[in-house]
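To start, the structure itself, in structure tokens.
The values are calculated or read from the model by the stated rules, or taken from the named source; none is laboratory data. Quantities reported herein were computed from a predicted structural model and do not represent experimental measurements. Note that each Cβ is placed from the backbone with ideal geometry, even for glycine, and that neighbours are counted across all protein chains shown. With ligands, DNA and RNA removed, areas are computed over all heavy atoms of the protein, side chains included. Shrake-Rupley method; radii C 1.70, N 1.55, O 1.52, S 1.80 Å.
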Amino acid sequence: MPKVCHVCNKGPAFGQSRSHSRVATKRRFDPNLQRVRVDVAGAPRRVYVCTRCLKAGKVTKA
């Protein structure tokens with residue numbers, strides 16, 4: 001299962017870690033996803049939802 005928000009499709013973002021000597025290494029910024037029981041088309045399902053969508057009340061918990 002992909003680590004993507006079910007509501008807003010927010011997924012991982014990519015960037016670089018910089019050491020003290022400014023050497024760049026690739027890194028990944030993962031969204032804060034929670035596995036929640038949500039009503040999807042009238043039936044409860046467990047899906048990944050980001051905390052921003054949960055806080056904004058964009059989902060109805062089952």
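Points to keep in mind about this one:
- Residue-level accessible surface for residue 3, protein heavy atoms, 1.4 Å, Å²: 100
- Net charge of neighbours whose Cβ lies under 14 Å from the Cβ of residue 19, counting Lys and Arg as +1 and Asp and Glu as -1: +4
- Rg and Dmax, both from the Cα atoms of the chain and both in Å, are 15.6, 54.
- Computed accessible area, residue 45, all protein chains, 1.4 angstrom probe, square angstrom: 120
- For the chain: relative contact order, % (alpha-carbon pairs under 8 angstrom, 6 or more apart): 31
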